[in-house]
C-alpha cells in the first residue's frame, strides 16, 4: 500500500514539474497580494479612527468582518487563478505527451493508463485547489500583518479579531470549493477528453462540438436549450431552483449576505448526475489513452 | 528453454484489407539479441508495438509468459523499451527523472543510474532541454541500465544521431546490459551498424518474415561468390537468388549451393547481414 502511495505521489509530483503554473501562479499572486498593501498609498479607512469612536463590541464585529472579507477576497482571487491554471493544465494534460513525443517514454514504465489519468485528475480536482487554499491560509494573515504595519490609524480594527475572522471563514470556503469541485467535475472530464482526442489545439476539440451543436439547434429548432443548459451548469447560481438561504446569518459566508443551503445543494440530483457523467468520461479517457502513441 | 517472446499468426490490419503484419510466426529465446530488420513501412514498428501491448493485434502473442494485450501493466515491470534514445520530455530535470523512475519502477536501482551518469557530462541539475542529443542518450541509458528488466525492446533507437553517439550507445548496451538472462529485440534499417552485436536476424518485408535465422547459421545456408566476367555464366548455373556487379566483378548470392564447387569459380565467402538483406530485398522486388 505504501508502495502504491509513493507511486501515486510520484505521478502527482511529475505533473507539477511539467506544469509549474499550477503551483507558481497561486504563490506569485499571493505574494503580490501581500506586498501590495505595503506599497499602497495613504488610504483612509472609512470610519477614520474607529477604535476611538466606537464601543469595544462593535469594533470587534468590524474587525471580524474585516477578516472575513479579506479571506473571501484572497480565496476568490487565488481560486480564480487556480481555475485558470487548471483549465490550461487539463487541455495540455494528455496532449503534451504526444506533441513532444515523450508518450512512449512514459508508457515504457510500469504505470497503467488508469493510474496516469487518475493522477492527472487528482491534480486538477484535489491537489491544486487544496494548494491554493493553503496559500490563502498563509496569505490572508500576512496581508493582515502588512495592513497592520502600513496603516497605524486602523490598528484597532486590524488585529487578532481580523485574523480569527479570516481563519474561521476558511472551512466555509473549503465547503464551497468542495461543492465546486463536484459541480464542475464534468467540465474537468470534458477537457481531459478533448486533450486525449486532440490531434492539435485541444481547445478547439473542447469548444467545437458544443459550439456546433448550439449553432445547429439555433438554426434548425430555433431554440437555445443547450446553451442555457451549459450556461446554468457553468453558473449554477443563475438557476431558478438554486438553494440560497439569505436569512441565516450564522452560516453565511459574510454576515447578512446569507449562504447556499448546503443540505439541499449536496443532495441535489443534478450534482451527482454530473459526477456520474464525469466518471463515465474519465473512464473513456482511460480507454482512449490505452492506444495513444506518438503517431 | 522457455521463449521470451512467442508469436503465432501475429497479424495486424489497418482498415478492412491492408495487413501491416501478415501472420508472423517467431520465437525469441533468452539471452538472444535479435535484430528485426526491414525497410520503412515493412511492419517493424507494428511488431514492436504489438509485443509491448501498445496496439491491438490478431493472433497469438506471449511475452515473458504474459499476454501483452491484457497484461500490459504487469509486463512493463519486466520489459524496458526505448523508442528514440534522444527523446525525453524537455522540461524534465535529470534528478527528477531519476526520482520518477524510482517512484514508479520497483526494479530500478538509483545508485546504479547515478554511478553511470557520474562518468558522463550529464549533471543531476540539468534539464533535458539543456542536454545535447548524445547526453540525452546517456541519460536514457542510465535509466534503462539501472532497471533489471529481462527484455529490452529498442525501436529504431538511434535514428538521427551521429555515428559516434550511435556506436557508444550500442557498445554500452553490450558491455553493461547484456548477460545470459537478458534479451534484446531491436529494429533498425541501419543493418550494417548493428550486425556485429546480433545473435539472430529477422528480415521483414511487407508484413512477412522473409528470413529468420541465427547469425551463425548464415554461413551454412548462404554463400557469396565474387567472380570475374569469364566465370559469370558458370556461376549463374548454380542459380543465385541475387547478384550485383561492381567494377566488372560480380557478387552472386546463393542459398544451399555446394560450396566446394562454387569455391573453384572465384572468391567464396559468407555474405554480411547487410548484403544478405539487400540481396533478399532485390529478390522480393
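Readers should treat all values here as calculations from the given coordinates under stated rules, not as data from a laboratory. If you're wondering where the values come from, they're calculated on a predicted model, not measured in any experiment. Here the Cβ positions follow ideal geometry from the backbone for every residue, glycine too, while neighbour counts run over all protein chains shown.
Taking only the C-alpha atoms, wrap a convex hull around region B:65-148 and report its volume per residue in Å³ as a whole number. Walk me through the numbers before you get to the answer.
Values: hull volume 7.8 nm³, N = 84.
Value for region B:65-148: 93 Å³ per residue.
Tell me, what is the percent relative contact order of region A:2-289, built from C-alpha pairs under 8 Å that lie six or more residues apart?
About 25 percent, as a whole number.
Would you work out the relative contact order for region B:146-285, in percent, from Cα pairs under 8 angstrom that are 6 or more residues apart? Spell out each step's value before the answer.
Working: 171 pairs, mean separation 29.1, N = 140.
The value is 21 percent.
Kindly give Rg over Rh for the protein assembly as shown, based on alpha-carbon atoms, with the Kirkwood expression for the hydrodynamic radius.
Here the Rg-to-Rh quotient is 1.15.
State the three equivalent ellipsoid semi-axes of region A:2-289, derived from the C-alpha gyration tensor as the square roots of 5 times its eigenvalues, in descending order and whole Å.
In descending order the semi-axes read 40, 25, 17 Å.
Kirkwood Rh over Cα pairs of region B:185-238 into Stokes-Einstein at 20 °C, 1.002 mPa s: D in µm²/s? Walk me through the numbers on the way to the answer.
Numbers: Rh = 13.6 Å.
The estimated diffusion coefficient comes to 157 µm²/s.
Where the centroid of each part is defined by its Cα atoms, how far is region B:195-222 from region A:156-228 in Å?
Each part reduced to its Cα centre gives a spacing of 58 Å.
In deg cm²/dmol, rounded to 500, what helix-only [θ] at 222 nm does the protein assembly as shown give when every DSSP H run of at least 4 residues adds -39500 (n - 2.57) and the total is split over its residues?
Rounded to the nearest 500, the figure is -16000 deg cm²/dmol.
Is there a simple number for the mean count of other chain Cβ atoms within 10 Å of the Cβ of residues in A:10-19, and what is it?
Numbers: counts 8, 3, 0, 4, 8, 0, 0, 9, 5, 1.
Counting Cβ atoms of other protein chains within 10 Å of each residue's Cβ and averaging gives 4.
Rank-order B:17-27, A:81-91, B:213-223 by packing density, defined as the average count of other C-beta atoms within 10 Å over each peptide's residues, highest first. Write out the running numbers ahead of the final one.
Numbers: B:17-27: 16.8, A:81-91: 20.4, B:213-223: 15.2.
So the order, starting with the most tightly packed, is A:81-91, B:17-27, B:213-223.
What is the Å³ per residue value for the convex hull set by the Cα atoms of region A:85-231?
185 Å³
What is the Cα coordinate range of region B:3-117 on the first, second and third principal axes, sorted by size from largest, in whole angstrom?
47, 29, 25
For peptide B:263-276, compute the average count of partner chain beta-carbon atoms within 10 Å of each residue's beta-carbon.
Average neighbour count from other chains, rounded to a whole number: 0.
Once you average over the residues of B:82-90, how many Cβ atoms of partner chains fall within 10 Å of each Cβ?
5
Based on the Cα gyration tensor of region B:180-285, what are the three equivalent ellipsoid semi-axes, each the root of five times an eigenvalue, rounded to whole Å and given largest first?
In descending order the semi-axes read 27, 15, 12 Å.
Below 8 Å between Cα atoms, with a sequence gap of 6+, how large is the relative contact order for chain B in percent?
The value is 20 percent.
Give me B:6, B:267 ranked fewest to most by other Cβ atoms within 10 Å of their Cβ, as a rough exposure proxy. Let's see the in-between values first.
Details: B:6 18, B:267 13.
Ranking B:6, B:267 by Cβ neighbours within 10 Å, fewest first, gives B:267, B:6.
Dividing the alpha-carbon Rg of chain B by 2.2 N^0.38 Å yields what? Before the final figure, lay out the partial values.
Numbers: Rg = 21.3 Å, N = 285, 2.2 N^0.38 = 18.8 Å.
Computed over Cα atoms of chain B, the ratio equals 1.13.
What residue among B:248, B:29, B:59 has the largest mean-square fluctuation in a Gaussian network model of chain B, using Cα springs under 10 Å?
Result for chain B, Cα springs under 10 Å: B:248 fluctuates most.
If one takes the longest principal axis of the Cα atoms in chain B, at what angle in degrees, from 0 to 90 and to the nearest 10, does the Cα axis of helix B:94-104 lie?
The two axes meet at around 90 degrees.
Given the options B:265, B:151, B:52, state which has the largest fluctuation in a GNM of chain B using a 10 Å cut-off (strictly under) for Cα springs.
Among B:265, B:151, B:52, the largest GNM mean-square fluctuation belongs to B:265.
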